[in-house]
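Visitor: What follows is a structure written as structure tokens; I'll ask about it next.
Read-outs: derived from the displayed coordinates by stated rules, not from any lab. These numbers were taken from a predicted model, which means no experiment stands behind them. As a convention, Cβ positions derive from the backbone with ideal geometry for all residues, glycine included, and neighbour counts pool all protein chains shown.
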Amino acid sequence: MTPGNVFAEELEEILLRLSRGEFGVSIPDIDERTADPKLVFLTRLARTLDQRNQQRSKLEQITNNINAGFTLQDVLEKIYVEFREIVPYNRIGLALIEPQGLVRAYWARSDAGHIHLAAGFTAPLAGSSLETILQTGQPRILNDLVAYLDAKPNSHSTRLIVTEGMRSSLTCPLVVRNEPVGFLFFSSTQPNTYLSQHIEIFQQIASQLVVIVEKAKLVSDLEQSRQEIKHQNEALQRLDELKNTFIAIAAHDLRSPLSYILTSIDLITGPDAAMYRDHQTTFLEGIQRQVRHMVHLVDDLLDLGEIQSGRFKLHLQSTRLSDILEEAVRVQSQLAAAKGTHIELVMKDDGIVLIDPPRMRQLLYNLLSNAVKYSPPNSQVRMLAQRQPAGWRVEIVDQGPGIRPEDRHRLFQPYQRLSAKPTGGEKSTGLGLAICRSIIEAHAGTIGVDSLPGKGASFWFTLPDRNE
Ligand SMILES: Nc1ncnc2c1ncn2[C@@H]1O[C@H](COP(=O)(O)OP(=O)(O)OP(=O)(O)O)[C@@H](O)[C@H]1O
Ligand SMILES: [Mg+2]
């Protein structure tokens, strides 16, 4: 047998394996100038088949990944790793066409360093060179990006990828059912990288690639919608819980004052009204107290609703700290006097703070009223203000029962009435501290408590220095 025949047999065997879909088969080299033209043809055929099989296998791998639920990002990462043997590149970018006629960079990966043309970059399609590519329907090769940029200095996107170190590019349109959807950009740090054979390769895989991109995009969109729905559901669930607690509180806390009011009115207007004539003022004062309490409760519930729905806005004003603290102490001292409790204000330092005064008043009223409410009669409450390295600290110290360790984590949460109970028959709804925390956090400060059970509580908050 001649060496030519041996070679022909070997080739036949190779072609058989390739036709079964194998790839990476070793194909012997042949000197095309001297060999039998039939053998040259068969060798070329073997190489083409090998390349096709290899491409098909890569695409299959990628399609499998998509079917396994990979997102477009994941698929692109795989393409970036797997396509090297099919097309040469140092960078791959994907841009998608948006309904408004914009082209938006969706993803880019480069092994040449920093990416300047990153995801999010947009440019109008109309009038661009990408539009020309769509019109011709053909991929475009630019084998000298620096020269191209010299000729078209306004091409911002070319400037960006040249800055990244790219010197040649292959831009491939992605078209689904005659509709252009985007572009895949292969770029290389070497000039003259791309040949017409790369366009051919791309065209062979284009239709499948487009389906992959479309499908992966759908998976990504679906995942995004799923996440959005999940977040909406969680928000709805929180609102629902809030509503239930709201109803429970309203039902519980409005019911007793309302029945008190109704009973009082029944008595002073009923058949035995004459008996109660002398006590009318007492009844009316009682009714007034109950109505005040209901208004306070409804205000708190509305506040909390506003805070929790995110509609809470501050109206900041430069205010002297001592002015707002003195005012709060004055107002609360009148109420404390009924219990024989004395409130003292110690201004270690004073200065201007940027605050929302009505909100700050609300916070101070609650902290001071708590200090009075949960301490025994005839107590001392001390409010202390002092400068800190980057702001202010205000502390309200009382002589009440303090906070039990097991109660600490529930403090500052809405609707929490804890172990300490009012000592003078005051009302308690468990909303005040939750509102306080939101107010302080909106001021970029922090709120907390130091306490030893039985030795009183020290509620404190900080306010950072802020530029007006
Ligand atoms: N100074 C304090 N000492 C001891 N316990 C306190 C003190 N301040 C608050 N607490 C406990 O924390 C709970 C929550 O306080 P918060 O101010 O949020 O609500 P509240 O005072 O019960 O009602 P309101 O909504 O009218 O303020 C109180 O019920 C009380 O048990
Ligand atoms: Mg309170």
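Visitor: Show that you can apply the helix-only estimate: for the chain, add -39,500 (n - 2.57) for every DSSP H stretch of four or more residues, divide by all residues, and state [θ] at 222 nm to the nearest 500.
Guide: -17000 deg cm²/dmol
Visitor: What three numbers, in Å, describe the spread of the alpha carbons of the range 241-308 along their principal axes, ordered from the longest?
Guide: 49, 17, 10
Visitor: Return I261, I352 ranked ascending by Cβ neighbour count within 10 Å, so the fewest neighbours appear first.
Guide: I352, I261
Visitor: Hey, what do the phi angles of the range 116-128 turn into as Karplus ³J(HN,Hα) couplings, whole Hz, using 6.51/-1.76/1.60 and θ = phi - 60°, x for Gly and Pro?
Guide: Coupling constants for the range 116-128: 8, 8, 9, 3, x, 5, 10, 8, x, 6, 4, x, 8 Hz.
Visitor: Kirkwood hydrodynamic radius, the range 3-66, all distinct C-alpha pairs: what's the number in Å?
Guide: Answer for the range 3-66: a Kirkwood hydrodynamic radius of 12.6 Å.
Visitor: How high is the FRET efficiency between S259 and D465 when r is their beta carbon distance and R₀ equals 51 Å, given to the nearest 0.05?
Guide: 0.50
Visitor: Once both axes come from the Cα atoms, what is the angle between helix 72-82 and the longest principal axis of the chain, in degrees from 0 to 90, rounded to 10?
Guide: Roughly 30 degrees between the two axes.
Visitor: Straight-line reach only, C-alpha to C-alpha below 16 angstrom: list the lysines that K215 could link to, leaving out same-chain residues fewer than 8 apart.
Guide: Result set, ordered by chain and number: K78.
Visitor: Oh, and also: Give the lysines reachable from K38 as a straight Cα distance under 24 Å; neighbours fewer than 8 places away on the same chain don't count.
Guide: none
Visitor: Something else about it: Too long at a 31 Å Cα-Cα cut-off: which of K243/K427; K58/K230; K243/K455?
Guide: Over 31 Å Cα-Cα: K58/K230; K243/K455.
Visitor: Express in nm, to one decimal, how much length is gained between E60 and T48 on full extension, taking 0.36 nm for each residue of separation and deducting their alpha carbon distance.
Guide: Difference between extended and current length: 2.5 nm.
Visitor: Can you give me the C-alpha center-to-center distance between the range 26-46 and the range 136-211, rounded to a whole angstrom?
Guide: 32
Visitor: Relative contact order of the range 3-66: what whole-number percent is it, with Cα pairs under 8 angstrom and at least 6 residues apart?
Guide: 38
Visitor: Let me ask another. What is the sum of charges around P389, taking Lys and Arg as +1, Asp and Glu as -1, for the other residues whose C-beta is under 15 Å from the C-beta of P389?
Guide: After counting each charged neighbour, the total is +2.
Visitor: Let me ask something additional. Tell me the net charge near A126. Cut-off is 15 Å between Cβ atoms, A126 excluded, with +1 for each Lys or Arg and -1 for each Asp or Glu.
Guide: Result for the neighbourhood of A126: -1.
Visitor: What fraction of the Cα pairs in the range 393-441, stated in percent, has a spacing above 15 angstrom?
Guide: Percentage above 15 Å: 54.
Visitor: Could you pull out every residue, at least 5 positions away or on a different chain, whose amide H is within less than 5 Å of the one on N90? Hs are placed 1.01 Å off N in the peptide plane, and Pro or chain starts have none.
Guide: Close amide H contacts, sequence-distant or interchain: S187, S188, T189.
Visitor: Hey, another quick one. Multiplying the sequence separation of T281 and S428 by 0.36 nm and subtracting their Cα-Cα distance, what value in nm do you get?
Guide: Contour length minus Cα-Cα distance gives 50.4 nm.
Visitor: Take A112 and E10, extend 7 Å from each Cα along the Cα→Cβ direction, and tell me the distance between the two endpoints in nm.
Guide: 3.9
Visitor: Which value, in nm² and rounded to one decimal, describes the direction-averaged projected area of the C-alpha convex hull of the range 312-386?
Guide: 5.0
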